[in-house]
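Novice: One structure, as structure tokens, below. Some questions next.
A short reminder: the numbers here are calculations on the coordinates, not readings from a lab. Bear in mind the structure is a predicted one, so any value in this text is a computation, not a measurement. All Cβ positions, even for glycine, are placed from backbone atoms using ideal geometry, and neighbour counts span all protein chains on display.
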Amino acid sequence: MSWETSSKTQPRVVKLLKNSIKKQRLAHAYIFEGAQGTGKMAVGIALAKTFLCRNAEDGNPCENCTNCKRITSGNHPDVHIISPEGQSIKIDQIRGLQKEFAYSGMESSKKVYIVEHADKMTVQAANSLLKFLEEPGSDTIAILLTEQVHSLLDTIRSRAQTLSFSPLAPEGILQKLLEEEIPKPIAALASSLTSDYAEALEICREEWFAQARAKVIQLTEELRLRPDYCLVVLQDQYLSFFKEKEQLRLALNLLLIWYRDLLSIHLSQSEKVVFFDQLQALEQQALQTSQKKAGEALQAILTAQARLRSNVSPLMVMEQLVLRLREG
Ligand SMILES: [Zn+2]
């Protein structure tokens, strides 16, 4: 249970830690570094649990002993989590931790502390933590989590083992978005737009994004069914909706994904289709648009993106693109 999800997204880190547990070669301090959403805290908790579990076997916690249960419910007296208070982690927070640790553990001397956003420690807090790391603590593990490993003091970095968490693959991001109860068509699209989970989640939570998606689907429908009216529709409905350049850039990205999907249909790889709930429309379009034309459409969208970047007027870029796509 504890390692399961993480071992799918961070197999290398999980394997290394479990091996260290089995060989009883855990370090006294770790730095888990990687982007937001890569599962650093989940791995930290799993490590704490395995370390403190009374019946750990083969690098796995039992999930049933009091230690496991208390860690799962977040109230184990020997597992401490420190997070920034406001903008930073302050020296008093580190001092508080040291005070707690001055007493011996509840049942053994084993203790774990996790410092979330460790790069947000003030210099005083970091120096105070440093002294703590230097004490030959018996059975204590420090786990520092950070998205900005280079902002940590060198002296801290040199005393800890750094483990890098890999960015999530699109499937990993999709999975996590679904866990947040984002509707699948939206989640699938967002996870193919960015490899940054936090950004993907933010995109999904904007109502505008779902509307933009619907607009782009509608545009492809117009192109297919009423090509003669496309330019009118473009001016009436689209340019007023995709007002900012950034919004237009996103619209082009969505269009790019649509035509990539069209190519996937041609290549009989419908499992790769991102607009999976539009399979029927895509298949219809594939009947009308040859594989070669679909490839040309992709090229035309890339050209439009480049022209938008070089400050050609959005209206002109979009009109020319629509004319090109209509030919397909
Ligand atoms: Zn246990």
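Novice: Averaged across orientations, what area in nm² does the convex hull of the alpha carbons in the chain project? Can you show the working numbers first?
Specialist: Values: hull surface 81.2 nm².
Projected area, direction-averaged: 20.3 nm².
Novice: Still on this structure, please answer the following. So which aspartates and glutamates can LYS293 reach, going by Cα to Cα under 20 Å and dropping same-chain residues fewer than 8 places off?
Specialist: GLU221, GLU222, ASP228, ASP261, GLU283, GLU319, GLU327
Novice: How much net charge surrounds ALA214 when only the other residues with a Cβ under 12 Å from the Cβ of ALA214 are counted, with Lys and Arg +1 and Asp and Glu -1?
Specialist: -1
Novice: Also, I was wondering about something else. How far apart, in nm, are the 7 Å Cα→Cβ label points at VAL232 and GLN36?
Specialist: My value for the distance between the label points is 4.5 nm.
Novice: When a footprinting reagent is the concern and you count Cβ atoms within 10 Å, what order do ILE186, ILE143 take, fewest first?
Specialist: ILE186, ILE143
Novice: Return one quarter of the surface area of the convex hull spanned by the alpha-carbon atoms of segment 54-201, equal to its mean projected area, in nm².
Specialist: Value for segment 54-201: 11.1 nm².
Novice: Run the reach check for LYS245 against lysines, Cα to Cα strictly under 21 Å, same-chain hits fewer than 8 apart removed. What comes back?
Specialist: Here the lysines satisfying the reach criterion relative to LYS245 are LYS215.
Novice: Continuing with this model, one more query. Relative to the longest principal axis of the C-alpha atoms of the chain, give the angle of the C-alpha long axis of helix 314-327, reported between 0 and 90° and rounded to the nearest 10°.
Specialist: Between helix and principal axis, roughly 70 degrees.
Novice: Computed over the Cα atoms, what is the radius of gyration of segment 281-324 divided by 2.2 N^0.38 Å, N being its residue count?
Specialist: 1.32
Novice: Quick one: angle between helix 123-134 and the longest Cα principal axis of the chain, in degrees between 0 and 90, rounded to 10, please.
Specialist: Tilt relative to the chain: about 50 degrees.
Novice: In addition: With a Cα-only, solvent-free Debye model of segment 73-123, what are the log10 I(q)/I(0) values at q = 0.19, 0.33 Å⁻¹?
Specialist: Computed log10 I(q)/I(0) values: -0.65, -1.29.
Novice: Kindly flag which residue pairs out of LYS69/LYS120; LYS49/LYS176; LYS15/LYS184; LYS23/LYS49; LYS23/LYS110 have an alpha-carbon separation exceeding 21 Å in this structure.
Specialist: Those over the limit are LYS69/LYS120; LYS49/LYS176; LYS15/LYS184.
Novice: Please report, in Å, the Rg and the Dmax of segment 65-151, where both are computed over Cα atoms only.
Specialist: Values for segment 65-151 (Cα only, Rg and Dmax): 13.2, 39 Å.
Novice: Below 8 Å, C-alpha to C-alpha, sequence gap of six or more: please give me the relative contact order for the chain in percent.
Specialist: Reported as a whole number, the value is 16 percent.
Novice: A follow-up question, please. Loop-only GluC sites (Glu not before Pro) in segment 29-109, please: DSSP not H, G, I, E or B, and at most 16 other Cβ atoms within 10 Å. Kindly include the intermediate steps, with their values, before the conclusion.
Specialist: On the way: sites: GLU33, GLU57, GLU63, GLU85, GLU100, GLU107; in loops: GLU63, GLU107.
Within segment 29-109, the qualifying GluC sites (Glu not before Pro) (loop, at most 16 other Cβ atoms within 10 Å) are GLU63, GLU107.
Novice: Tilt of helix 207-225 relative to the longest C-alpha principal axis of the chain, in degrees (0 to 90, nearest 10)?
Specialist: Its long axis makes an angle of about 30 degrees.
Novice: What Kirkwood radius, in Å to one decimal, follows from the Cα pairs of segment 250-328?
Specialist: Values: mean 1/r = 0.0778 Å⁻¹.
By the Kirkwood definition, the hydrodynamic radius is 12.8 Å.
Novice: Follow-up question, since we're still on this one. What does the extension gain come out to for ARG54 and LYS243, with contour length at 0.36 nm per residue minus their alpha carbon separation?
Specialist: 62.0 nm
Novice: Under 8 Å for C-alpha pairs, at least 6 residues apart: give me the relative contact order for segment 246-287, rounded to a whole percent. Kindly include the intermediate steps, with their values, before the conclusion.
Specialist: On the way: 22 pairs, mean separation 15.0, N = 42.
Reported as a whole number, the value is 36 percent.
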